[in-house]
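Undergrad: Dumping the structure here so I can ask a few things about it.
Every number here is computed from the coordinates shown, using simple stated rules; none is lab data. Everything numeric here is computed off the predicted structure, so don't read it as measured data. All Cβ positions, even for glycine, are placed from backbone atoms using ideal geometry, and neighbour counts span all protein chains on display.
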Amino acid sequence: MTHRQHQEAADQTTPAQQAAQADARPNARKVFMRTYGCQMNVYDSERMNDVLGTEGFSATENMEDADLVILNTCHIREKASEKVYSELGRIRKIKEERALAGKDMMVGVAGCVAQAEGDEISRRAPIVDLVFGPQSYHRLPELLAKASGGTKVVETEFDIDAKFEHLSERAARPVLKRPPAAFLTVQEGCDKFCTFCVVPYTRGAEVSRSVEQIVTEAEQMAASGVREITLLGQNVNAWHGQGANGETWGLGRLLRRLAEIDGLDRLRYTTSHPRDMADDLIEAHRDLAELMPYLHLPVQSGSDRILAAMNRKHTRDDYFRLVAQIREAAPGIALSCDFIVGFPGETDQDFQDTMDLIRRVEFGSAFSFKYSQRPGTPGATMSDQVPEDVKSARLQELQELIASQQTAFNASRQGMTCNVLIERKGRHAGQVVGKSPWLQPVAIDGPEDLIGTIQAVEITRIAANSLFGRLIAGHHDFIGSTADGHQGGGI
Ligand code: SAM
Ligand code: SF4
């Protein structure tokens, strides 16, 4: 997947939002939520919707109908932040039109731009009533009450423990129906301070949720029909907790515990840092049928010089060793990655080292980005910033290589039979779409009532970003030995 596709995917409605209409309550106040950026923001939006559901809100897909608009924002690259201000310009007009019709509209900016820019946002966009950072979502009712009394609210404290404590119970009356595949945040923040990255500043220090909170939430999700959970964290594999006997658990142990929950058939996790890929986690890929054969393991660069300047604290050889160990434990696994091109000081040779790493590893997919100077990070003030045209040319070359590897990986699935979790209606009538074990979308001819079931599917056709398949097990939930992922898929 290219950067653009990734960004578009993130900016579009999620399956959860598609389910919103079914849950709409006619007389409720309406909330329109737009989510930018990563899956953690998608999860946070779902949880804000949970909180708003208990406050009597129902979701709308139509901003013109909304009593409350929330933009859940991303600050990771400059473009992501600027999108928020252009969207606020559009919202201003809608708010004015509603005011002429005698209707109020409250506007909130949440997420990492809110955290980073605080009251600068209401200065640039006076229509904004509420600015609140990612650690304040559980306080939304209180913040909304303040804002509706006419006070401009800016809330950017870092009280992450309080957030985890309050959000540990899934709301009994959520705004949105649960989709069959959902996210669960287990860890937030980051202490690694890569020199290009704003996350340690916008999300704060690394904090893990407790085993108990995570298991409780996962059980509630499974009980409400969720079949697949993706554990989320900026550094998800740095997660650690305490088992019942006081022993320290890492992510591998947590996955083993979650795999015991009835009805939870699939587990994933993202995003991992190469330094925190513990043996126990790699062994979980070997041992757990529920753990899907897909791993997103960003390396950022293939040049040791640039990796050191980025403060990544791993080398390219460390990465090669890890990949070999992971592939030995889980031979068919799909590997995915993040790359940044044009970090300050990156020479042609450094870039070619990255291309060489990609050729040697062979990825199933990857996200790639031009380096973006983020205020407050060490990279922003480094000399030797790379000119924009050089960054663009490198990005194009890298994305072509990744696209060819993705095509080859997808083509290697042709003719295979694998389990697909059916998640939503397809674009065409009589079509449904689900995910393969390797996280590829698979379109299948079949009725809507397959949504939420796992089906055995033969992959019959391959397109650039998705697969097409044929049901082979008929019309019932299929959980059997054809479940793929633990047999070698061959990359
Ligand atoms: N924690 C993850 C890791 O260590 O790889 C990454 C999380 S970050 C939210 C997602 C991706 O955004 C990064 O992997 C990186 O490729 C990209 N990114 C972060 N800062 C960036 C910047 N200043 N310019 C371009 N891309 C950036
Ligand atoms: Fe950002 Fe990931 Fe580095 Fe943390 S480890 S600073 S989240 S890129």
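Undergrad: Once phi is turned into θ = phi - 60°, what whole-Hz ³J(HN,Hα) does the Karplus curve with 6.51, -1.76 and 1.60 give for every residue of region 338-355, x standing for Gly and Pro?
TA: Whole-Hz 3J(HN,Hα) from phi for region 338-355: 10, 10, 10, 9, x, 4, x, x, 5, 8, 4, 5, 4, 5, 5, 4, 5, 4.
Undergrad: May I pose another question? Given +1 on the Cβ of Lys and Arg, -1 on the Cβ of Asp and Glu, and no further charges, what dipole in debye does the chain carry about its Cα centre, rounded to the nearest 20?
TA: The dipole of the chain has a size of about 860 debye.
Undergrad: Let me ask something else about it. What shape does region 254-298 take by its C-alpha gyration tensor, where a ≥ b ≥ c are the square roots of the eigenvalues and a/c under 1.5 counts as rounded, a/b above b/c as prolate, and the rest as oblate?
TA: In terms of gyration-tensor shape, prolate.
Undergrad: Which order do the peptides 252-258, 379-385 take when ranked by the mean count of other beta-carbon atoms within 10 Å per residue, highest first?
TA: Answer by packing, highest mean first, reads 252-258, 379-385.
Undergrad: What's the long-distance tail for the chain, i.e. % of Cα pairs beyond 38 Å?
TA: When every Cα pair of the chain is considered, 25 percent fall beyond 38 Å.
Undergrad: Still on this model: Could you name the lysines whose alpha carbon sits less than 25 Å from that of Lys435, not counting residues in the same chain fewer than 8 places away?
TA: Partners found: Lys177, Lys425.
Undergrad: What is the gain in length, in nm to one decimal, between Glu96 and Asp338 on full extension, counting 0.36 nm per residue of separation less the C-alpha to C-alpha distance?
TA: 83.0 nm
Undergrad: Report the semi-axes of the equivalent ellipsoid for region 57-108 in whole Å, largest first, where each axis is √(5λ) for an eigenvalue λ of the Cα gyration tensor.
TA: Equivalent ellipsoid semi-axes, largest first: 23, 13, 7 Å.
Undergrad: Tell me, in nm to one decimal, what length is gained between Asn245 and Gln325 on full extension, where the rule is 0.36 nm per residue of separation less the Cα-Cα distance?
TA: Fully extending the segment from Asn245 to Gln325 adds 25.8 nm.
Undergrad: A further question follows. Taking 45 Å as R0, compute the FRET efficiency from the Cβ-Cβ separation of Arg470 and Arg359 and round it to 0.05.
TA: Approximately 0.85, to the nearest 0.05.
Undergrad: What's the FRET efficiency of Gln414 with Arg286 using the Cβ-Cβ distance as r and R₀ = 22 Å, to the nearest 0.05?
TA: For R0 = 22 Å, the calculated efficiency reads 0.25.
Undergrad: Consider all pairwise Cα distances in region 208-338 and report the whole-number % of them above 16 Å.
TA: 64
Undergrad: Right, here's the next one. In nm, to one decimal, how far is the Ala429 label point from the Glu448 one, both placed 7 Å along Cα→Cβ?
TA: 1.2
Undergrad: Which Cys residues of the chain have no other Cys beta carbon under 4.7 Å away?
TA: Cys with no partner Cβ under 4.7 Å: Cys38, Cys74, Cys112, Cys190, Cys337, Cys418.
Undergrad: Mind checking the alpha-carbon convex hull of region 266-378 and giving the volume per residue in Å³?
TA: Cα-based convex hull of region 266-378, divided per residue, equals 106 Å³.
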